[in-house]
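Chemist: The structure is given below, and queries will be raised subsequently.
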């Protein structure tokens, strides 16, 4: 029997202990631990790695502080457009969606693309029509609305920038979202705090009792994004990858650089062609990301139940469990 393992992330970026309130840190840690327990229970009962990462990602999508599902950021037009992908390391099959709207859990739709179609990636109106055809659970715009995300949009519009999500002053961003009122056209009144340098997404990777690997990644993209921008999350090999021969990987960070580095696959390629272990391959991949001025991190597991969670930003919301360790939840460097 193989040693089971599960690792998760909730995004990386300028996450400083000095800027975090105790209450907000506890909320983040609780959200991570709840998600970790969901997947771990599946693995402990002999469930598949694929089911474990899907259910874990769903739980992270439902947590309002992470940039995926319910907590997805807003586009320039004030919409929530989400991307997700999932990959099975045993079959090397994958499914992904981009520009999905009103789907409560985009990772479930990505799984359906993999299981029910001959395709890998569906986007835009086609992806939404497929969601309707498959009868996946949907929600109205109000479900995806969070005040601190809308406050980020207002500030980004004001400054004319496109930005990601985790910031050094996130505690201020969340707590001040109702202090300085501003109409958003829906009857809600919001503040306009000052977000700084952010990065994020959610993801899960797992190894089950059979040594099968799987990876899942989901995101709301970038605040104030326009022009049909797509990041690394729905692109197999860039933001998500799994192969039983090497590893399962989920990435988080500035997607453009993860696309340029083909970062998720890069970990697997280093293991395969350099014949090195998971930890070294993951570290080298993040170092290469730094060399092309990319910022962020990744989580990875191999078929022996080893886990690696490297990053080059100030922090990364992350957690893992394996046969050697109970739940480990970490945020800062």
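Chemist: Among the residues of the range 109-127, count how many are in contact (Cβ under 8 Å) with a residue 40 or more places away in the chain and crowded, with 24+ Cβ neighbours inside 10 Å.
Modeler: Keep residues of the range 109-127 that are in contact (Cβ under 8 Å) with a residue 40 or more places away in the chain, which gives 110-111, 120-121, 123.
Filter once more, so that each one left must be crowded, with 24+ Cβ neighbours inside 10 Å: 110-111.
Qualifying residue count for the region: 2.
Chemist: Starting from residues that are part of a loop (DSSP other than H, G, I, E, B) and buried (at least 24 other Cβ atoms within 10 Å of the Cβ), keep the ones in the range 201-214 and report whichever is modelled with the lowest pLDDT.
Modeler: That would be 201.
Chemist: Let me ask something additional. Quick one: would you say residue 276 is surrounded by fewer than 24 Cβ atoms within 10 Å (Cβ to Cβ) and in contact with a helix residue (DSSP H, G or I) (Cβ under 9 Å, 6 or more places away or on another chain)?
Modeler: yes
Chemist: Could you please give the count of residues in the range 1-56 that are surrounded by 17 or more Cβ atoms within 10 Å (Cβ to Cβ), part of a loop (DSSP other than H, G, I, E, B) and at pLDDT 95 or above?
Modeler: 3
Chemist: Mind counting the residues in the range 60-79 that are assigned to a helix (DSSP H, G or I) and surrounded by fewer than 24 Cβ atoms within 10 Å (Cβ to Cβ)?
Modeler: Final tally of qualifying residues: 2.
Chemist: Could I ask something else about it? Mind listing whichever residues of the range 227-255 are at pLDDT below 95 and more than 19 Å from residue 309 (Cα to Cα)?
Modeler: Listed by number, the residues that qualify are 227, 228, 229, 230, 231.
Chemist: If residue 232 meets every condition in (1) farther than 20 Å from residue 76 by Cα; (2) surrounded by 24 or more Cβ atoms within 10 Å (Cβ to Cβ) apart from one, which number is that one?
Modeler: Result: residue 232 fails condition (1) only.
Chemist: Another question, then. Sort out which residues of the range 80-101 are surrounded by fewer than 24 Cβ atoms within 10 Å (Cβ to Cβ) and either in a helix (DSSP H, G or I) or without any contact (Cβ under 8 Å) to a residue 40 or more places away in the chain (or both), and write them in order of number.
Modeler: 91, 93, 101
The values are calculated or read from the model by the stated rules, or taken from the named source; none is laboratory data. All values derive from a computational prediction rather than experimental measurement. Note that each Cβ is placed from the backbone with ideal geometry, even for glycine, and that neighbours are counted across all protein chains shown.
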